Amino acid sequence: MELLKKWLGHPEDIYHLLRFKMGGYRAVMPRLDPDSLAPGLRACYRYLNQTSRSFAAVIQALDGELRHAVCIFYLVLRALDTVEDDMTISLDIKVPMLHEFHSYLYQPEWKYMESKEKDRQVLEDFPTISSEFRNLAKVYQDVISDICHKMGVGMAEFLEKKVDSQHEWDKYCHYVAGLVGIGLSRLFSASELEDPIIGQDTELANSMGLFLQKTNIIRDYLEDQLEGREFWPREVWSRYAKKLSDLAKPENIDMAVQCLNELITNALHHVPDVLTYLSRLKNQSVFNFCAIPQVMAIATLAACYNNKQVFRGVVKIRKGQAVTLMMDATNIQAVKAIMYQYVEEIYQKIPSTDPSSNKTQQIIASIRAMSLPSGPMASRHHYSPIYLSCAMLLAALSWQYLSTVSKAAEEYVQTGEN
């Protein structure tokens, strides 16, 4: 019944969940027929679904040969990340592996059978992945190999190094996410679905990755603490607590929220770059692929801002809300309207006593200037009383059915994955 109460509070979610289930998903996530693929590629898409069903869906919606290039790119980086995450691999083995991982793409027999990680299948059957990598056009191979090399070096640098300054936070996020944005952008341009400037403007592409990664790091504070990981920059949190773990203590909650708000303000500085990047895209499948995670991120930051729950549990956006964002974020004006909506939500929650309040207001003013809503999207949340009444009745009659339906959207509630 808790789910029913949530939907009665947001009846528009029901409409979008039904719209998604009744075929609306095909507009943003058309499915790929696995039987049409050669065995090697079929295995790669199976691994893609096993390691990240959400990314699998949006990758399969990409047009033409770009789809396979991005699939292989994802699996190669997933294999690299699996090595980095595996705490059973000693540093004297792990560091050289990270540095040399890009070279394994050209070694047909290379695989690693000792991993204990949940995604170890991408290492155990790396010969299949590397074979499909070598089947790609050279222009794609060069991008994937180069990014893999740079990311491996960056991961090795931060293995025994904590994130101290905000500069180092940006550097860490660049290695694990900014480089992904840069690599994807170069693949988009290489496919000729997008103009060369998309791949050439690495600053904007880097911001795309940093916005997603910082959102994940901010949201996942408690989970990372429980698993012994620390990604919040010491330069920021040390102004609010002696130890990062102290922010989770009830007696420190006010200072913890102020620290949280400062980091969210930092992340919001990437939004203007995000909007500029998205405004340059021409291909619909590429736009959907890029825009959906970004609108999920701004919605997540709005949910986290000034929210004590970040230090007590998991903060997620609603499933119906996630589906609404997926269905709506298909053009730049819609994305601007979404950004405007959520920065306004943050603005309304800014405490006058918050140390970062002036900076938060300033960056929100900049985002507002770039994303002033116009046209029908400006009133995207105005529904007639008759519609709302029907939606609420529908919720009461079919909430159990919809709880099953909405599982398709749950994969998209998380802003992103490593």
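The values are calculated or read from the model by the stated rules, or taken from the named source; none is laboratory data. On a predicted model such as this, the values are computed, not experimentally measured, just so you know. Note that each Cβ is placed from the backbone with ideal geometry, even for glycine, and that neighbours are counted across all protein chains shown. Just so you know, the surface numbers come from the protein's heavy atoms only, side chains and all, with ligands and any DNA or RNA stripped out. Shrake-Rupley method; radii C 1.70, N 1.55, O 1.52, S 1.80 Å.
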>> Tally up the residues in the range 186-204 that are touching a Phe, Trp or Tyr at 6+ places or on another chain (Cβ under 7 Å) and open to solvent by less than 20 Å² (accessible area, probe 1.4 Å), please.
In response: 5
>> Suppose we filter 272, 351 for residues that are outside any helix (DSSP H, G or I), out of contact with any Gly (no Cβ under 8 Å at 6 or more places or on another chain) and open to solvent by 20 Å² or more (accessible area, probe 1.4 Å); which single one remains?
In response: 351
> Do we find a residue being within 17 Å of residue 262 (Cα to Cα) and open to solvent by less than 50 Å² (accessible area, probe 1.4 Å) anywhere in the range 311-318?
Replying inline: yes
>> Looking only at the range 77-93, how many residues end up being open to solvent by 10 Å² or more (accessible area, probe 1.4 Å) and under 26 Å from the mean Cα position of the chain (by Cα)?
In response: 6
> Can you tell me which residues in the range 13-48 are in a helix (DSSP H, G or I), open to solvent by 50 Å² or more (accessible area, probe 1.4 Å) and either modelled with pLDDT of 70 or more or among the hydroxyl-bearing types (Ser, Thr, Tyr) (or both)?
Replying inline: 15, 34, 35, 36, 39, 42, 46
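Which ones in the range 94-111 are surrounded by 14 or more Cβ atoms within 10 Å (Cβ to Cβ) and closer than 16 Å to residue 152 by Cα?
Once the filter is applied, which keeps residues that are surrounded by 14 or more Cβ atoms within 10 Å (Cβ to Cβ) and closer than 16 Å to residue 152 by Cα, the range 94-111 yields 94, 95, 97, 98, 99, 101, 102, 104, 105.
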>> Restricting to the range 49-67, give me the number of residues that are part of a helix (DSSP H, G or I), crowded, with 22+ Cβ neighbours inside 10 Å and at pLDDT 90 or above.
In response: 2
> Out of the range 245-261, which residues are over 13 Å from residue 346 (Cβ atoms) and of a type outside the set (A, V, I, L, M, F, W, C)?
Replying inline: 245, 246, 249, 250, 251, 252, 254, 258
> So which residues in the range 213-249 are hydroxyl-bearing (Ser, Thr, Tyr), open to solvent by 30 Å² or more (accessible area, probe 1.4 Å) and not in a helix (DSSP H, G or I)?
Replying inline: 238
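Answer with yes or no whether residue 284 is out of contact with any Lys or Arg (no Cβ under 9 Å at 6 or more places or on another chain) and under 21 Å from residue 236 (Cβ atoms).
Values: out of contact with any Lys or Arg (no Cβ under 9 Å at 6 or more places or on another chain): yes; under 21 Å from residue 236 (Cβ atoms): no.
No, not satisfied.
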>> Against the conditions (1) open to solvent by less than 30 Å² (accessible area, probe 1.4 Å); (2) within 30 Å of residue 286 (Cβ to Cβ); (3) within 22 Å of the chain's Cα centre (by Cα), where does residue 130 fall short? Just the number, please.
In response: (3)
>> With the condition being farther than 28 Å from residue 268 by Cα, I'd like the helices (runs of 4 or more DSSP H) fully within the range 90-208 carrying at least 2 qualifying residues.
In response: 91-104, 121-124, 126-135, 138-157
> Which number in (1) open to solvent by less than 10 Å² (accessible area, probe 1.4 Å); (2) assigned to a helix (DSSP H, G or I) marks the one condition that residue 252 misses?
Replying inline: (1)
